[in-house]
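Peer 1: Got a structure here, written out as structure tokens. Questions coming.
The values are calculated or read from the model by the stated rules, or taken from the named source; none is laboratory data. All of these numbers come straight from a predicted model, not from anything done at the bench. Cβ atoms come from the backbone with ideal geometry, glycine included; neighbour counts cover every protein chain shown.
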């Protein structure tokens, strides 16, 4: 075996092995050893932890080292220790995990990766807490090794009943792996809504399945002894906590109103840990609602219409067409305001919502807009003549159309207007824009510009070529690929702590950092290993210029460019990156 | 690190080398976790460092919480004493603490708070729109002399770099408060767990000089 060999070589086995072994073999039976506390006690603890409300219904009070008083929600444990209880990292401050497993079972010392970029990478070992030593820590700020805790940690003068309740809650918190997780496998599903075009559906499913297959192929398990370690996390590599994935494809049928029930049924039949990626040309609201109600992470779907309502379990690339509408309104308002904007679309939910949003945004900056809708049914081709009546060279037109319709447009000459705008989100990038329209055409472009993004997507393109996957829809396929990669990395960093809340918290905390680390790494690898490798600077690994999340910040990319075409048909930026 | 999809064909010795590098990293970091505990954990005394440094204010454009686009140079060098920090609205541990300290400083300055310009720079400018910053300011009771600034990613990074506050990512940021008596004077840099009294004392000392 390679692993023990290396440990011996590095002469660290004496120190490290007890930790590793206990973690490797202890993690499973560390769970569920404590008898369950009465539900009302756990509920009392939950309110303290999440809401900052004590057993008498009053706001929780905490006093920090600088005598600052924190009251109620501000004083709630969840702010720093998070919903999962797994703690977090901010700057140089490591906020330790405080679940029952971590506090009371240090003999089965469990490891949590704190921050891959700092030296102190893991949670600290400590003696087992007892109810008494935990109470002392919380009331006086002295931990069970006799040290003052970090000054950010307030002292809470809570009574015995609240202390018992909090302790009972912590023992229940992240007690077991989430549903869909076993010792060596994680079950996932991807949701596809019924109206998606066959070609894109196939490209999407092929990309996703091949990426998952690749991930599983390189996961070393008892079933797959030939797997090659990803080496995403050194700790993961030594501990061997990585699992293979099973990916279910959940194809929805019928009207959006029925999707919620379909999802619940599928989930009931086969619970999954998370929804990985996803594809829709329609509303995503029923899927987000399902994720929120069932507390299942909804991991970076390719949706053009994520709901605007806040959710804990859903992470998105961007606000989709709503973002595009805001960006265009901002651009047009600053740039010789047009007299009139005419929006042209099919009667479909995404286009309708986009137009509605743009109307509102344009009205706010004093630009008149008008809506025109193709009469064609969903399966009939559009006819441009239906919508161009009375358009003049003073007008700006915005077409909210999919790529299949662009081909139809290309058969006619463009209308005699000042400028034509298309949604890159709906059109799937610039590929479908008819060349005869390019001279007056612009795109709202939420992606990184083609010349800049080539280095970001080097690995994706190399992989896709190697797997002989045709590039049908670059944004879609690059998004699906990124979703698999980022989930692989985040799960690997989570080691054996496979809890849904923790997955969301880690990605909130890590996405932008992870992108920076990975970009540097990929450039270095290209320079190191490849004779012909490009040394071009790389800003990220997705099709977007940069991605970042935060607490309640679940749209990773926040802006878009406005782009046009050169005479040679190359894309060029008309604007800087616009963040509305 | 990412090795999920490796377009390069590594030979076995290259793979082995990678393994060893990873193990070495793992070993050294694990051992460090057992090392000394920072001073802040050991005592109740607020642990922060104080240094005096001169900085050149960068000439970038920023957007104030009221939506106005302004030259940062003019905002910072308008003659008033400045107390400055770096925050972002979706930050859950350090920034609420920093903003809480600022809020206390505002109160403890008493009448002097009308003379001082308190400046909070967003290090997550694409998310921290003027509307979000206004809401955030309200939460901490920011008065008329306490402004929040956002802008482009580029301008925010330029400002962070100019004041040695750039850590590569918003999640890497550390607690820092800067105080300056007047344009052209050096800045006092208070780093770590700074209490409001220390900030007010710093301002009073500087303004007497």
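Peer 1: Could you grab me the full set of residues in the range A:537-573 that are part of a loop (DSSP other than H, G, I, E, B) and closer than 20 Å to residue A:361 by Cα?
Peer 2: Selection gives A:557, A:558, A:559.
Peer 1: Name the residues in the range A:71-95 that are more than 17 Å from residue A:48 (Cβ to Cβ), part of a loop (DSSP other than H, G, I, E, B) and more than 20 Å from the chain's Cα centre (by Cα), would you?
Peer 2: A:91, A:92, listed by residue number.
Peer 1: Further question: Give the range B:64-102 a look and list any residue that's at the interface with another protein chain (Cβ under 10 Å from one of its Cβ atoms) and under 17 Å from residue B:154 (Cβ atoms), or say none.
Peer 2: Across the range B:64-102, the qualifying residue is only B:88.
Peer 1: Here's another thing I want to ask about it. For residue A:157, indicate whether it is surrounded by fewer than 19 Cβ atoms within 10 Å (Cβ to Cβ), touching a helix residue (DSSP H, G or I) at 6+ places or on another chain (Cβ under 8 Å) and either outside the structural domain of residue A:238 (by TED's automatic domain parsing) or modelled with pLDDT of 95 or more (or both).
Peer 2: Considered against the rule, which asks whether it is surrounded by fewer than 19 Cβ atoms within 10 Å (Cβ to Cβ), touching a helix residue (DSSP H, G or I) at 6+ places or on another chain (Cβ under 8 Å) and either outside the structural domain of residue A:238 (by TED's automatic domain parsing) or modelled with pLDDT of 95 or more (or both), residue A:157 comes out as yes.
Peer 1: With modelled with pLDDT under 95 and surrounded by 19 or more Cβ atoms within 10 Å (Cβ to Cβ) as the only criterion, which of B:118, B:171 stands out?
Peer 2: B:171
Peer 1: Could you say whether any residue in the range A:378-401 is surrounded by 16 or more Cβ atoms within 10 Å (Cβ to Cβ), within 27 Å of residue A:539 (Cβ to Cβ) and under 27 Å from the mean Cα position of the chain (by Cα)?
Peer 2: Scanning the range A:378-401, I find no residue that is surrounded by 16 or more Cβ atoms within 10 Å (Cβ to Cβ), within 27 Å of residue A:539 (Cβ to Cβ) and under 27 Å from the mean Cα position of the chain (by Cα), so the answer is no.
Peer 1: Output the qualifying pairs, or none if there are none: Cβ atoms under 7 angstrom, residues six or more apart or on different chains, first residue in the range B:82-96 and more than 14 Å from residue B:128 (Cβ to Cβ), second residue assigned to a loop (DSSP other than H, G, I, E, B).
Peer 2: Filtered contacts from the range B:82-96: B:83/B:116; B:92/A:551; B:93/A:152; B:94/A:91; B:94/B:173; B:94/B:175.
Peer 1: Does residue A:541 satisfy the criteria of being surrounded by 21 or more Cβ atoms within 10 Å (Cβ to Cβ) and either within 24 Å of residue A:238 (Cα to Cα) or assigned by TED's automatic domain parsing to the domain that holds residue A:97 (or both)?
Peer 2: Against the criterion (surrounded by 21 or more Cβ atoms within 10 Å (Cβ to Cβ) and either within 24 Å of residue A:238 (Cα to Cα) or assigned by TED's automatic domain parsing to the domain that holds residue A:97 (or both)), residue A:541 does not qualify.
Peer 1: Somewhere in the range A:225-244, is a residue more than 13 Å from every other protein chain (Cβ to nearest Cβ), in contact with a strand residue (DSSP E or B) (Cβ under 9 Å, 6 or more places away or on another chain) and surrounded by fewer than 17 Cβ atoms within 10 Å (Cβ to Cβ)?
Peer 2: No, because not a single residue in the range A:225-244 is more than 13 Å from every other protein chain (Cβ to nearest Cβ), in contact with a strand residue (DSSP E or B) (Cβ under 9 Å, 6 or more places away or on another chain) and surrounded by fewer than 17 Cβ atoms within 10 Å (Cβ to Cβ).
Peer 1: Considering the range B:156-188 alone, what residues qualify as being assigned to a strand (DSSP E or B) and within 14 Å of another protein chain (Cβ to nearest Cβ)?
Peer 2: Within the range B:156-188, B:176, B:177 qualify.
Peer 1: For the range A:523-544, enumerate the residues that are within 9 Å of chain B (Cβ to nearest Cβ) and at pLDDT 90 or above.
Peer 2: Once the filter is applied, which keeps residues that are within 9 Å of chain B (Cβ to nearest Cβ) and at pLDDT 90 or above, the range A:523-544 yields only A:541.
Peer 1: Has the range A:511-522 got at least one residue that is more than 11 Å from chain B (Cβ to nearest Cβ) and surrounded by fewer than 23 Cβ atoms within 10 Å (Cβ to Cβ)?
Peer 2: Within the range A:511-522, not a single residue is more than 11 Å from chain B (Cβ to nearest Cβ) and surrounded by fewer than 23 Cβ atoms within 10 Å (Cβ to Cβ).
Peer 1: Can you tell me how many residues in the range B:189-209 are outside any strand (DSSP E or B), under 18 Å from residue B:106 (Cβ atoms) and touching a strand residue (DSSP E or B) at 6+ places or on another chain (Cβ under 7 Å)?
Peer 2: Total meeting the criteria: 6.
Peer 1: Only one of A:171, A:183 is away from chain B (no Cβ under 14 Å), buried (at least 19 other Cβ atoms within 10 Å of the Cβ) and touching a helix residue (DSSP H, G or I) at 6+ places or on another chain (Cβ under 8 Å). Can you tell me which?
Peer 2: Testing whether each residue is away from chain B (no Cβ under 14 Å), buried (at least 19 other Cβ atoms within 10 Å of the Cβ) and touching a helix residue (DSSP H, G or I) at 6+ places or on another chain (Cβ under 8 Å) leaves just A:171.
Peer 1: Here's another thing I want to ask about it. Output the residue which, of all residues in the range B:133-149 that are out of contact with any helix residue (DSSP H, G or I) (no Cβ under 6 Å at 6 or more places or on another chain) and within 14 Å of another protein chain (Cβ to nearest Cβ), is surrounded by the most Cβ atoms within 10 Å (Cβ to Cβ).
Peer 2: Ranking the candidates gives B:133 first.
Peer 1: Let me ask something else. Could you list, in sequence order, the residues of the range A:206-222 that are touching a residue at least 12 places away in the same chain (Cβ under 8 Å), within 14 Å of chain B (Cβ to nearest Cβ) and in a helix (DSSP H, G or I)?
Peer 2: Passing the criteria: A:207, A:208, A:210, A:211, A:212, A:214, A:215, A:216.
Peer 1: Moving on to the next point. Of all residues in the range A:127-152, which are assigned to a loop (DSSP other than H, G, I, E, B) and free of Cβ contacts under 8 Å to residues at least 60 places away in the same chain?
Peer 2: A:127, A:128, A:129, A:130, A:143, A:144, A:145, A:146, A:147, A:149, A:150
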